Structure formats: structure tokens, C-alpha cells
Amino acid sequence: MRFGFSLSDSESMRGAGSSFRRSRAGISPDRGSCVSTTSKSIPCSKRASDGLREYSKMIVDVETFSSCIEDWVLQKLPSNSCDKKLLFKPPFMVDELQKLDYALDGVFFQQLFRMPYSHHGYDNSREEKFLALVCFLQTIVDGLWRTFWHKTGEPPFFVSCPRYPGSRFYTIEQAVSNGRLGGLCGAAVVAKVDSDSHVRWNDVLELALFKSDITDGKSKAFSMLSICEALFYGFHILLLRNLSKSGASKGSSIYMLVLDSKFGGIIKFGGDLSRLDVNSCNPYHAVVEWIKNHAEVSVSPIDRVWNKLGNANWGDVGTLQLLLATYYSIIQWKGPPRKSIAHLATDQSLLIQKRRLQCYGLSAQIQNGHNGQWETIELDHQSDQTPNKLSMRPNLKEGEVIRLEDSQGQVKFQIKDIILVGDSLSYSAFTLDQPCKLFTLYVGVHPSRLEPSWEAMSLWYLVQRQTKILNIMKQQGVSSKNLPELILSGRVLHSGHCSKQNPGDCCEHPWCGTPVLVTSPVGEPVSHIIARYGSFCTEEALRFCRDILTSLKSATSANIQHGDICPENIVRVISLNGRTESLYIAVSWGRAVLEDRDSPAMNLQFSSVYALQHRKLCPSSDTESLIYLLYFVCGGEMQQQDSIESALRWRERCWAKRMIQHQLGEVSTLLKAFADYVDSLCGTPYPVDYDIWLRRLNRVVACSDKGKCVERLETSLRFEDVAETSGTSGGCSSFTY
Ligand SMILES: [Zn+2]
């Protein structure tokens with residue numbers, strides 16, 4: 001087969017656009033007949049293949065290559081061109097990725113090594129990064145092979161790491177012991193050919209280039225150099241395939257995966273090498289001219305692949321792109337699968353229907369509890385429905401104005417910023433008549449558009465369920481400056497004609513009926529603060545503890561437990577009342593636990609022991625999470641956990657060795673005493689005595705606010721129990737931090 005596969009050809013052609021069709025139609029008849037013969041002869045004349053062989057030895061310097069092609073690449077990047085026709089085409093359509101997402105529903109990809117997370121560019125964990133990369137690729141090929149081709153038996157591929165085109169391949173252990181780790185360029189998926197251990201370049205299905213940073217720094221796009229490098233390696237693989245007997249029939253295109261420790265994307269590259277001028281005195285120039293005129297280059301947007309826990313986001317666009325590229329690469333080598341993506345996606349539809357019903361059930365429940373209070377929000381603009389994630393929800397852009405209506409009338413909000421925390425998206429916005437006051441805007445998805453995906457459910461928790469919880473707080477008269485305030489909740493009504501029949505329905509318009517929650521205030525998540533500025537100082541840690549304990553106490557008074565205390569869900573607001581002062585607020589109350597059947601969020605780093613063991617909360621669970629959070633913001637080392645068992649082991653070890661108390665003790669003896677107190681309470685049915693600890697914390701924080709009592713005794717930390725002595729100390733000067 002000329003292209004080795006039929007399905008992917010037709011599918012990728014839609015993505016690649018018309019020029020792909022042109023290049024295919026332009027295959028010369030003799031080349032076509034050459035491949036259609038049963039013998040796997042080299043599809044070029046002897047002279048041409050000698051020329052190609054020469055080129056494979058001459059085109060060896062990635063920098064020279066890049067300097068020859070960078071102008072061409074630059075002008076095709078989104079940051080430099082307003083004309084969409086000039087840009088690289090994406091290799092995949094969104095609906096292809098969506099189908100793959102459905103088909104893989106329920107497929108478990110087990111990843112053994114996590115990608116180390118570093119905030120900074122420096123690279124002190126290269127070995128772990130490469131182990132994670134190799135593990136990730138092996139997990140992908142194994143998972144795809146077992147899902148689509150053969151359930152049992154060894155997948156016929158392995159992963160190995162080269163240094164440069166034509167170099168030998170290494171396992172990570174070999175690279176480390178030979179001192180070659182620093183020179184590895186990435187990891188390749190290679191077909192197992194026979195028992196000999198020699199890895200050959202012409203058996204490479206796909207190559208994952210691994211760089212310290214692949215982004216262009218601004219948008220979600222590849223840097224120019226990432227693309228140049230991918231083309232350089234891609235060209236070599238195509239060339240070596242073409243020259244080899246076994247590789248020649250494997251198709252004339254290659255998928256290059258380009259990754260760093262956070263993001264990833266695909267560059268698909270191919271073309272008819274018989275059109276390459278092999279007699280040029282300037283081979284670099286000839287190759288670049290061939291790429292410009294005869295090759296097909298498609299470039300995907302980049303997206304997050306690993307979250308900051310180091311786990312791959314399997315259901316997200318970033319990873320789905322890599323999965324789909326690998327799927328097509330396997331087809332190139334092993335032929336069409338036993339079950340196609342479309343087939344498996346249909347198989348999943350029963351399950352999907354079932355989950356959709358569960359979603360409806362849940363939202364119906366919420367709406368009933370809401371006493372029909374849904375109001376109308378009108379949207380000013382005609383939104384395009386292009387999803388940038390696999391989202392059924394259109395996104396708002398900075399500067400957009402939306403009109404909201406509540407029982408008091410209409411309010412216009414203008415979007416100021418997009419706030420992306422972990423996987424959840426919200427906006428900061430202001431009303432047009434009061435541009436100085438900022439609100440947080442959560443945009444959900446209409447119940448009938450809820451897809452059975454993890455993303456849709458998390459949206460439901462973020463908007464509908466959070467609305468319910470904040471309403472309950474309001475009804476019960478719970479208010480605290482450390483809790484978010486519900487400003488407005490309602491639904492979107494778009495501009496133009498709306499054909500919906502009933503108030504709860506929605507018409508075809510993408511915005512129709514979308515629920516929106518507006519809260520106050522807007523703050524910066526603690527996860528961002530720690531990533532940007534590092535650990536908290538003593539003063540800040542005490543204030544943080546006091547504020548969150550206050551919010552937990554207020555919520556408990558209405559029998560509400562937060563259930564998801566983690567760095568992403570605490571925000572800091574800077575108030576400027578006379579002096580700069582920070583205020584911490586627990587946000588994201590969608591996972592709150594009201595009654596026994598509610599289950600909290602499971603966070604391997606911050607959930608309480610009881611939550612991990614029973615999927616329920618005990619009275620001190622949120623406070624226990626606060627202790628882990630304090631440990632984290634005070635610079636304690638959080639180990640990455642990959643299972644509930646390891647998360648439980650970590651907690652057991654920490655408490656047994658008093659690691660948390662030791663860490664907090666270096667910051668403040670009061671916090672250390674608080675950790676001891678929580679330790680005595682973990683997992684018991686006894687409530688937290690908020691008042692006594694808030695009194696102690698308040699005294700210290702108020703004291704530091706006056707700016708006269710903070711003394712850091714760096715060397716002579718007193719380890720007496722401040723909690724015990726504070727009652728009689730009479731003044732704050734006796735406190736040590
Ligand atoms: Zn409508």
C-alpha cells in the first residue's frame with residue numbers, strides 16, 4: 001500500500017487540506033507502480049538513492065538547517081500572520097479527537113513514572129524526566145495496541161532514545177552509565193523486528209523530541225526552533241525509511257511528537273522524496289526548497305500534557321493529539337486495527353447515555369432546590385463555537401461584554417481576565433457602571449449539553465453545585481470575609497432570535513441557557529503565589545492559617561464542609577485599607593459535603609486520611625487538609641503520589657515521624673502546636689475547637705499587623721508549647737516564631 005493505511009489517509013486529509021490531495025495526485029506513475037509491486041524494492045533509481053544516502057550524511061547540523069528554513073517557518077506562525085491561509089494546517093480535526101476520546105472512555109493508561117514538575121527552566125531532573133517520557137510513550141503504545149489491535153500478548157513496539165539523526169539508541173540506564181543522558185534528543189517508538197538487539201532508525205514509527213521549553217512564550221503555539229528541529233529530525237527519518245527495504249513501504253509521512261515537561265503537540269511531516277534535488281551543491285538549500293515546495297507540514301496547537309502532579313491528562317486535547325498521532329503511526333506499520341475508533345466510540349454510547357442521565361438527574365435536583373430562581377442573562381455578542389479544548393462550552397475572551405439579568409434587572413459585565421487554575425476556568429469581570437470592583441465569573445454548561453466527560457462534571461461542580469452551596473450559606477445567614485459572596489446566579493440569553501419553548505430549555509445557539517455564577521471577590525490562587533514567589537514567611541503563614549480556619553468555622557456553622565481544600569482553591573486578596581494586607585478566602589465550594597451521601601474531592605496530596613480511606617469526611621478533615629496545605633506553603637516537601645495507598649503511606653510516615661510538626665515548628669511554634677492538636681483529632685468523630693485556635697492565631701496576627709512584635713529568632717527557636725503558655729503570657733513579646 002502506498003500510504004499503508006486507508007482510514008487515516010482519508011481522515012488526515014480533511015485536516016491537511018487540499019494541498020495534501022494535490023501532492024498525492026502528483027505521484028509519478030513509475031513511483032506508484034514501484035510500490036505496488038510485491039517486492040519491497042527501493043522505490044528510487046540507484047543514482048537517486050545514492051544521492052539520498054549522501055544527503056543523510058551531509059545534512060547533520062540542526063543549526064545550519066534551522067537557519068536556512070527559519071524565515072519560512074516564522075512567516076507561517078500564528079503570531080506573525082493575520083492571514084489564516086498562510087498558517088500551517090493542523091494535523092487533526094477536533095471531532096477526530098473527540099471520537100478518540102469517546103473510544104478510549106474506560107481505557108486505563110497506567111503510568112508508572114511521573115513527570116517532575118519544576119517552575120523554573122533549570123534542569124536538575126533530566127533522568128526522571130526521560131524516565132517519565134519513556135514510560136509515557138510505552139504506556140501509549142501498549143494501551144492503543146491492546147485497545148484497538150490485540151488484547152493479549154506483547155505489543156510489537158518498544159521505546160528507545162537516540163541522540164541525533166543516525167546515532168545509536170540508548171535505554172535510560174545505558175545513557176546514564178555512558179554519560180550520554182545530556183545528549184539525548186528525545187525518545188522513539190520503534191518496531192520490534194527480530195531478536196537482534198540493534199535498534200535501527202528505519203524501524204522508528206514516531207519520534208518524540210523532548211526539549212526544555214517548546215512554547216513560543218506567548219500563545220499556545222510551538223516556538224520557531226521547535227518546528228525547525230522537528231522538520232530536521234523528520235526529514236532524516238523519512239530519508240532513512242526511504243533508503244531501507246523495510247521502511248520504504250511504511251508511508252511517506254511521519255508524526256513528530258514535540259514535548260517539554262508540561263506541554264506537547266504534533267508536527268506531521270511528509271512528502272515525495274523523488275522530487276528532492278539530490279545533485280545540488282548546497283544540500284541544505286535543496287532540502288529546504290523541497291520542504292517548501294513538495295512536502296506537507298501540519299502543525300498542531302500545543303496543549304498541556306502533564307499536570308503539576310506529573311500525571312498525564314489522559315482525556316485532554318494535549319494528550320489526545322499524541323494518542324491519535326501514535327494510533328496513525330501504528331497503522332502505518334501494522335495495518336488497520338481490528339476495531340476502529342468509530343466502532344469503539346459507538347460501543348461506548350450506551351455507557352455515555354447512562355452517564356448523561358446521571359448528569360441530568362443531578363442538575364434537575366439542583367434546579368429544584370433552587371426554587372426556580374434562575375434568571376436570564378443576555379449575551380451581547382455572537383460567539384463563534386470553535387472549542388479550543390474538547391469543550392461543549394464556548395469561552396469568553398478578554399474585553400467581551402455580556403449582559404446579565406437578575407431579579408433586580410440587567411447588569412452588563414465586561415470580562416477583564418481569564419483565570420485558569422489547574423483544569424478549571426473562570427473569569428474576572430466588572431460591571432460597566434462600577435469598573436473598579438472586580439467579580440469572579442464562573443461559566444457552566446446547559447444541562448442538555450452536559451457531556452459525560454470529566455470536564456463537564458467538573459464544570460457542573462464549579463457552577464451549578466457551587467451555586468447551591470453558596471445559596472445555602474446565604475439562606476443560613478453565614479457570612480464571613482473569608483468566604484466568597486454570591487452576587488448573582490442565572491442563565492445566558494443570547495442576542496438575536498431565541499427559539500426555545502420553555503424557560504428551562506435551550507435553542508441551537510451555543511450560549512442559550514448557559515448557567516453563570518458571579519461571586520466576589522477576585523483573588524490570586526495560592527498555587528500561583530507559591531509558584532511565583534516561593535514559600536510564605538511566618539507572618540503570612542499565620543495569617544493564612546487564621547483566615548482559612550475562620551472560613552471553615554463559618555461554613556461548619558451551617559453544617560457545610562469544604563471537601564477540597566488545596567492550593568488551587570484558596571485565593572489571596574490584597575486589601576489596601578491604610579496598609580497593604582492580605583486576606584485568604586476558601587473558594588470552589590462545589591465539592592462541599594452537606595450530608596452523608598456527598599463525597600468529597602479526592603486529592604492525593606491534600607485530602608485527609610479519612611477522606612482517602614472512606615470517601616467521606618470526618619469533622620476534622622478540612623482542618624487536616626489545612627495542615628498539609630500549611631506544610632506546603634511553609635516549604636515542606638510534598639511527595640508526588642500516584643495512588644491512594646502511597647498517599648496514605650506518606651501521611652502515616654509524616655505523622656509518625658512528626659515531619660509536619662518539625663517543618664511547621666521552624667516557622668512558628670503556634671503552628672506546630674496546632675498541627676499536634678489536629679494530629680490528635682484526625683479520623684475521630686470529635687469536632688475541631690475553632691474558637692480556641694482562632695483566639696490564639698488572632699492574637700499573633702493582630703500583633704504582627706501592628707508591626708512591632710515580629711521577631712524572628714533564627715538560631716534559638718524555643719520549642720515550648722506556645723499554645724499552652726499563650727494564655728498567660730499577657731503580651732505578644734513572649735511569642736517566638
Ligand atoms: Zn436561545
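The values are calculated or read from the model by the stated rules, or taken from the named source; none is laboratory data. It should be emphasised that the depicted structure is a prediction, and the values quoted were computed from it without experimental measurement. Neighbour counts run over all protein chains shown; Cβ positions are idealised from the backbone, glycine included.
Things to note:
- Residue that is modelled with the lowest pLDDT [pool: residues in region 108-140 that are crowded, with 18+ Cβ neighbours inside 10 Å, out of contact with any Gly (no Cβ under 9 Å at 6 or more places or on another chain) and aliphatic (A, V, I, L, M)]: Leu131
- Subset of region 255-279 (residues that are within 23 Å of Val193 (Cα to Cα) and in contact (Cβ under 8 Å) with a residue 60 or more places away in the chain): Tyr255, Leu257
- So Phe536, is it in the same structural domain as Ser668 (by TED's automatic domain parsing) and either within 16 Å of the ligand (Cβ to nearest atom) or in a loop (DSSP other than H, G, I, E, B) (or both): yes
- Residue list for region 618-640, restricted to those being touching a helix residue (DSSP H, G or I) at 6+ places or on another chain (Cβ under 6 Å), in contact (Cβ under 8 Å) with a residue 40 or more places away in the chain and not in a helix (DSSP H, G or I): Cys618, Ser620, Cys634
- Any hit, region 516-525, residues being over 30 Å from Val107 (Cα atoms) and within 16 Å of the ligand (Cβ to nearest atom): yes
- Residue match in region 550-570 (condition: in a loop (DSSP other than H, G, I, E, B), within 30 Å of the chain's Cα centre (by Cα), within 16 Å of the ligand (Cβ to nearest atom) and touching a residue at least 40 places away in the same chain (Cβ under 8 Å)): no
- Selection from region 650-667 of residues that are part of a helix (DSSP H, G or I), of a type in the set (A, V, I, L, M, F, W, C) and within 21 Å of Phe536 (Cβ to Cβ): Cys654, Met659, Ile660, Leu664
- If the condition is being among the hydrophobic types (A, V, I, L, M, F, W, C) and more than 21 Å from Asn471 (Cβ to Cβ), then region 594-616 contributes Met602, Leu604, Phe606, Val609, Ala611, Leu612.
- Of all residues in region 474-500, those that are within 16 Å of the ligand (Cβ to nearest atom) and assigned to a loop (DSSP other than H, G, I, E, B) total 7.
- For Trp290, the requirement of being surrounded by 19 or more Cβ atoms within 10 Å (Cβ to Cβ), assigned by TED's automatic domain parsing to the domain that holds Ile214 and without any contact (Cβ under 8 Å) to a residue 24 or more places away in the chain is met.
- Out of Ser620, Ser680, one residue alone is over 25 Å from Lys308 (Cβ atoms), over 25 Å from the mean Cα position of the chain (by Cα) and crowded, with 23+ Cβ neighbours inside 10 Å. It is Ser620.
- Some residue of region 506-513 being surrounded by fewer than 16 Cβ atoms within 10 Å (Cβ to Cβ), more than 10 Å from the ligand (Cβ to nearest atom) and among the charged types (D, E, K, R): no
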